[in-house]
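Engineer: Starting off with a structure, shown below.
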Amino acid sequence: MNERLVVFTESAAGPAYSLDEEIIRGAGGTLRCGSASSQAERAEMARSAEVLVVGGAPITRDFLSGLPRLKGLIRSGIGVDAVDMTAATDLGIVVANVPEFCTEEVAEHALALLFAVARKIAFVDRLVRQGRWRGLIPTQILPIYRLSGKTLGVAGLGKIGRNVARKAQALGLKVIGFDPYLSPDAAAAIRVPLLNLDELLQQADVVSLHVPLTAETRHLINARTLALMKPHSILINVARGPVVDEAALQAAIESDHLAGAGLDVLEQEPPSPSNALFRFENIVFTSHYASCGVESYAEMRRHVSEQAAEILRGEFPHNLVNREVVNLPQCRLGQKEN
């Protein structure tokens, strides 16, 4: 009898990236973890998988077509922009994600970046380490403006965006929002007025991005939309790098239109050392680690493992993304092995 394999092709060393072998074994599966260094290596690792767990690697039609035993694909995170969803559905493969993952951590990180930019923390840290303590205030640090009473525009009011709004309100910021998919009643429940994107950009002192990467949101923040932002406002991006046109952001920072930016994500990851944004002291960078946290990884581990077990049992995973696959005759879930 063939092993029923659950394969995780992007598991780094350490328990933070492991899955719960006991849960998977209880559903009749065998867990295999590794870290593929190429798409060819990933395909070889996944060749006999019934369930495949991936991180941010591109999952193409060609790749999926070479996995005849695959019934389910689980993204160990929220975004599924790297997965060819049409191909997965056409092939009858269910796709799941973990929308509960890191909502607290990313919200906290967005606000941490905001404070780091607004209070010039990273800049002054560098000066202090250079031995420049005396004489810094006020000549080299001002202007710094208090955040309390300012307006935060949250673009994308999903789980994370709503969490940012709640935390920001507690800090004394007025919050406005943009989300074409959120109902007015849901927005009213969190006390966030809904505006269109242009209105939000024109009114916000700080704009925090929490939208998924889609064809519609790629370069959502561009030369035109940046020009709408208030002079000396701040941009925070903890969503996806390509949501922001970096060339346009460079121009906005260079012209002093924006006071600064906090970026956890970039268009190219890892970035080139020659990235033009690196020369600006008023941009704070982190390395796409907003989701990191002991609690967030424990929750991800549990949710991914539970959904792998559901697929092994012939059940649809509780965070099914491509729901249209359910009624398709080619759906592989529940099909018997030949």
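The values are calculated or read from the model by the stated rules, or taken from the named source; none is laboratory data. In this text, all values refer to a predicted model and were calculated from it rather than measured experimentally. Reconstructed Cβ throughout: ideal geometry from the backbone, glycine too, with neighbour counts over all protein chains shown.
Engineer: Does any residue of the range 123-145 turn out to be in contact with a strand residue (DSSP E or B) (Cβ under 8 Å, 6 or more places away or on another chain), under 26 Å from Pro231 (Cβ atoms) and free of Cβ contacts under 8 Å to residues at least 60 places away in the same chain? Spell out the reasoning first.
Structural biologist: Our first condition is that a residue be in contact with a strand residue (DSSP E or B) (Cβ under 8 Å, 6 or more places away or on another chain); within the range 123-145, this holds for none.
Looking for residues that are in contact with a strand residue (DSSP E or B) (Cβ under 8 Å, 6 or more places away or on another chain), under 26 Å from Pro231 (Cβ atoms) and free of Cβ contacts under 8 Å to residues at least 60 places away in the same chain, one finds none in the range 123-145, hence no.
Engineer: Same structure again: Before we move on, is Val154 touching a Leu at 6+ places or on another chain (Cβ under 7 Å), in contact (Cβ under 8 Å) with a residue 12 or more places away in the chain and of a type in the set (Val, Ile, Thr)? Give the steps one after another, and end with the answer.
Structural biologist: Values: touching a Leu at 6+ places or on another chain (Cβ under 7 Å): no; in contact (Cβ under 8 Å) with a residue 12 or more places away in the chain: yes; of a type in the set (Val, Ile, Thr): yes.
No: the conditions fail for Val154.
Engineer: Oh, and also: If Ala88 satisfies all but one of (1) assigned by TED's automatic domain parsing to the domain that holds Leu70; (2) at pLDDT below 95, what's the number of the condition it fails?
Structural biologist: It is condition (2) that Ala88 fails.
Conditions tested, residue by residue: (1) surrounded by fewer than 18 Cβ atoms within 10 Å (Cβ to Cβ); (2) of a type in the set (A, V, I, L, M, F, W, C); (3) outside any strand (DSSP E or B).
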site	(1), (2), (3)
Gly153	no, no, no
Gly161	no, no, yes
Ala168	no, yes, yes
Glu199	yes, no, yes
Val207	no, yes, no
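Engineer: Here is a follow-up. I want to confirm something. Restricting to the range 106-148 and keeping residues that are touching a Lys or Arg at 6+ places or on another chain (Cβ under 7 Å) and part of a loop (DSSP other than H, G, I, E, B), which single residue is nearest to Gly293 (Cα to Cα)? Write out each step before concluding.
Structural biologist: The initial filter retains those residues of the range 106-148 that are touching a Lys or Arg at 6+ places or on another chain (Cβ under 7 Å), namely 107, 111, 141, 144.
In the following step, the residues that additionally are part of a loop (DSSP other than H, G, I, E, B) were identified as 141, 144.
Working: Ile141: 32, Ile144: 30 Å.
If we take residues in the range 106-148 being touching a Lys or Arg at 6+ places or on another chain (Cβ under 7 Å) and part of a loop (DSSP other than H, G, I, E, B), then Ile144 is nearest to Gly293 (Cα to Cα).
Engineer: Test each condition in (1) farther than 21 Å from Ala290 by Cα; (2) surrounded by fewer than 19 Cβ atoms within 10 Å (Cβ to Cβ) for Ala82 and report the one that comes out false.
Structural biologist: Unmet condition: (1).
Engineer: Still on this structure: Where in the range 1-93 are there helices (runs of 4 or more DSSP H), lying fully within it, with 2 or more residues that are without any contact (Cβ under 8 Å) to a residue 24 or more places away in the chain and not hydroxyl-bearing (Ser, Thr, Tyr)?
Structural biologist: Working: elements: 21-26, 39-46, 61-65, 85-90.
Those helices (runs of 4 or more DSSP H) span 21-26, 39-46.
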